[in-house]
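The values are calculated or read from the model by the stated rules, or taken from the named source; none is laboratory data. Not measured: the values here are computed from a predicted model. Glycine also receives a Cβ, built like all others from the backbone with ideal geometry; neighbour counts cover every protein chain displayed. Surface areas here come from the heavy atoms of the whole protein model, side chains and all, with no ligands, DNA or RNA. Shrake-Rupley method; radii C 1.70, N 1.55, O 1.52, S 1.80 Å.
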Amino acid sequence: MTTHPHPPPHPHPPWPYALLDTTAHRPVPFRQFVLKVHGRCNLDCTYCYLYQGPDHGWRDRPARTSERTMRHTADRIAEHARTHGLDAIRIELHGGEPLLSGPGPVLAYARAVREAVPAGCRITATVQTNGTRLTAEALDRLADAGIRVGLSLDGGRAALNARRVDRAGRPAWPAARAAAQRLAARPRTYAGILCTIDLAAEPLDVYRSLLELRPPGVDFLLPHANWDRPPPGTVRRSPGRHRPHPTPYGDWLAAVFDAWWDGARLGTRVRLFQEIAGLLLGAPSRAEAVGLSPVAAVVVETDGGIEQVDSLRSAYEGASETGLDVFRHSFDRALRHPGVAARQLGERALADECLGCPVGKVCGGGNYVHRYAPGTGFLHPSVYCADLERLVRHIAHRLERTSRGDR
């Protein structure tokens, strides 16, 4: 059995941390590096899992990433690329709000990585922002540096973004709308929109209002929840594959899928729908939300800590910690961490209910984070199990109708 190399101060559940044997695991190298530029945010969104959730570790970390941390991180990424002969990687510049100190630190971090990695390794760089600090000057500088920009929004109208406010309660929408308009005028720099689902918002209103912002793609996200903290609008249940069961999130997404599909996709990618359709047609998955492909993403915090994905913080305090950092450890060391290994094992990391599910290989157990239950860990179906099955079956039905020539 593997043990945690540097145990964090918070206890981890038995699976995968104590019960998963990783000795036979053949790790997949990291290709996506989420680099924290700023550890604070100028917004106080009511549903934020990072700043409103159970993990408050951000308070103990530096607000900004230092140049020293950037250099060490860049060297570790270059080391990983050389070790595994990587020809392409992605760096995601994140926060908090990564533009809180302006575009300078984002540009510096991207430059450090680009200068360090081998010449044959192509880098795709993206910054994910709430848009409130994306001035025309900032966008010019990011675009000139070849850094794409993604927006986080709840819809394309003020009323749909009512949850996105600053610490004084002022709406973020006016500045975010201006940012969206600037990005629409620079499609080569526009990475798309991330939108967390709100059941209180009418799905077609959300979808159509987002299309008005002319994004190249939209990624609809299920709110981070688990068996202890159920999704908004649902009730707590014991972990399992409950049937029959209400599917409010599946219904919401199915309505959007129909509008997207019937509108001939309107030139806008919807990642979740494309992933599920691809899986149904036999393609491998490329996103952690569905499918069984190994997750190849890692996070570097503002203090240089090497961590698992941020969304784990919605489960319990310390859930994303590995005890590793870029000053003392390689990314290969992180690949052996049981929490990382569990997200690369495919079917071997699924609960029995998922292995016997008719849509299990498409759903893939759902987002790993959404499988958590206190005391036992992550070897459960997703808390969105019924919703995901509803959506997968709906998309499969629409694909079948299309193959027959029906609408």
Here are a few candidate values for Kirkwood radius over Cα pairs in Å: (i) 21.8; (ii) 22.4; (iii) 26.2. Which one was actually calculated from the structure I just gave you?
(i)
Any cysteines in the chain with zero other Cys Cβ atoms under 4.7 Å from their Cβ? List them, or say none.
CYS41, CYS121, CYS195, CYS354, CYS357, CYS363, CYS385
If you roll a 1.4 angstrom probe over the protein chains with everything in place, what fraction of the accessible area of the chain belongs to carbon and sulfur, to the nearest %?
51
If you plug each phi of segment 30-46 into the Karplus form 6.51 cos²θ - 1.76 cosθ + 1.60 with θ = phi - 60°, what whole-Hz ³J(HN,Hα) values come out, in order, with x for Gly and Pro?
5, 10, 10, 10, 8, 10, 7, 8, 9, x, 10, 9, 8, 10, 9, 4, 5
As I understand it, the dipole of the chain uses +1 on the Cβ of Lys and Arg and -1 on the Cβ of Asp and Glu, about the Cα centre. Which of LEU99, PRO231, GLY318 lies farthest toward its positive end?
LEU99
In whole Hz, with x marking every Gly and Pro, tabulate ³J(HN,Hα) for segment 133-141 from phi via Karplus 6.51 cos²θ - 1.76 cosθ + 1.60, θ = phi - 60°.
10, 8, 6, 4, 5, 4, 5, 4, 5
Calculated FRET efficiency for the pair GLU137/GLU317, C-beta based, R₀ 45 Å, to 0.05
0.70
Of the peptides 194-202, 385-393, 111-119, how do they stack up when ordered by the mean number of other Cβ atoms within 10 Å, highest first?
385-393, 194-202, 111-119
Taking the dipole about the Cα centre of segment 331-407, with the C-beta of Lys and Arg at +1 and of Asp and Glu at -1, give me whichever of ALA334, GLY375, LEU350 is farthest to the positive side.
ALA334
Residues GLU79 and ALA264, FRET efficiency given R0 of 51 Å [Cβ-Cβ distance, rounded to 0.05]
0.65
If you take the beta carbon distance between GLN52 and ASP332 as r and set R0 to 41 Å, what does 1/(1 + (r/R0)^6) give as a FRET efficiency, to the nearest 0.05?
0.75
If you average the sequence gap of Cα pairs under 8 Å that are 6 or more apart and divide by the length of the chain, what percent do you get for the contact order?
23
What shape does segment 258-365 have by the C-alpha gyration tensor, where a ≥ b ≥ c are the square roots of the eigenvalues, rounded means a/c under 1.5, and otherwise prolate means a/b greater than b/c and oblate the rest?
prolate
Between VAL165 and ALA255, what length in nm is gained on full extension when 0.36 nm per residue of separation is reduced by their alpha carbon distance?
29.6 nm
Over segment 210-341, with the other protein chains present, what is the accessible area per residue in square angstrom, probe 1.4 angstrom?
38
Could you give the length gained by full extension between GLU347 and ALA184, i.e. 0.36 nm per residue of separation minus their alpha carbon distance, to one decimal place?
54.7 nm
Measuring from its Cα centre, segment 291-400 shows a charge dipole (+1 at each Lys and Arg Cβ, -1 at each Asp and Glu Cβ) which, in debye to the nearest 20, is 340
Only four residue types carry charge here, +1 at the Cβ of Lys and Arg and -1 at the Cβ of Asp and Glu. Report the dipole size of the chain about the Cα centre in Debye, rounded to the nearest 20.
640
Would you work out which of PRO14, PRO27, THR69 lies farthest towards the positive end of the dipole of segment 1-139? Charges go on Cβ: Lys and Arg +1, Asp and Glu -1.
THR69
Note the full-extension length gain between ARG393 and HIS242 as 0.36 nm times their separation in residues minus their Cα-Cα distance, in nm to one decimal.
52.7 nm
Suppose we keep just the DSSP beta bridges with both residues in the chain; what percent of those would be antiparallel, to 5?
20
How would VAL298, VAL28 rank on accessible area, largest to smallest, probe 1.4 Å?
VAL28, VAL298
Per-residue HN-Hα couplings for segment 357-367, Karplus 6.51 cos²θ - 1.76 cosθ + 1.60 at θ = phi - 60°, whole Hz, x for Gly and Pro?
7, x, 10, x, 6, 8, 4, x, x, x, 4
